[in-house]
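Here is the structure we will look at.
The values are calculated or read from the model by the stated rules, or taken from the named source; none is laboratory data. Note that the structure is predicted; figures quoted are calculated from it, not measured. Quick reminder, even Gly has a Cβ in these numbers, built from the backbone with ideal geometry, and neighbours come from all protein chains shown. Just the protein is used for accessible areas: all its heavy atoms, side chains included, with ligands, DNA and RNA removed. Shrake-Rupley method; radii C 1.70, N 1.55, O 1.52, S 1.80 Å.
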Amino acid sequence: MTMREKIEEAAARYPDQRSAIMPALLIAQEEHGHLPGPVLEEVADILGVERIWVYELATFYTLFHTEPVGMFHLQLCDNVSCMLCGSEELLNHLETVLGIRKGDTTPDGLFTLSTVECLGACEMAPVMQVGDDYHAHLDVARINALLDSLRATAGAASVEHAPARLPGE
């Protein structure tokens, strides 16, 4: 089934085509990996809606990516609850361990590091979303274990990467 057919099938469930924008964006992102301008325009054209409506949703929600992201998109919450529980220190640790800054992707394409305004999980602060999964009550040790697990999942365990732990940890 083509992307167009999947979007049209999803859109048929909605009385208003504008209501089908989010499901259509999910389909397009799954197909393309991210949502560059031409893909957003194609989604708008398929649905017959204003392109700005598609662009607004694609750039507002953190689940949509208008730029390529790594295999694992690390989205660390930096809202008040998470900040008070140490998310700033965790961001610094992630940047050091991964050798990248917030907004960048590691050279091997495994990790993209971002911060998000709120993941709606204040009771689990500090929290980070990786793909569809939330990782809660984070500290440096849990971050290190998570990175090791993600590298192993990617089959990267046998490839030489920067260690998940800093010397002395």
Equivalent ellipsoid dimensions for the stretch 46-165 as semi-axes, Å, which come from the Cα gyration tensor, largest first: 26, 19, 12
Sequence-distant residues sharing a close amide H with V116 (under 5 Å, placed H): L76, C77, D78
Cα-based convex hull, the stretch 1-52, per residue volume (Å³, whole number): 64
Cα point-scatterer Debye curve for the stretch 3-107, base-10 log of I(q)/I(0) at q = 0.11, 0.18 Å⁻¹: -0.45, -0.85
Farthest positive-ward along the chain dipole, Cα basis, beta-carbon charges - from L76, G37, T2: L76
Surface per residue (accessible, 1.4 Å probe) for the chain, Å²: 55
Isolated Cys in the chain, by beta carbon distance under 4.7 Å: C85, C118, C122
Antiparallel content of DSSP bridges confined to the chain, in %, to 5: 55
Top of G37, G86, G70 by mean-square fluctuation, Gaussian network on the chain, Cα under 10 Å: G37
Solvent-accessible area, 1.4 Å probe, carbon plus sulfur percent, for the stretch 7-97: 53
Percent of alpha-carbon pairs separated by more than 12 Å within the stretch 45-96: 74
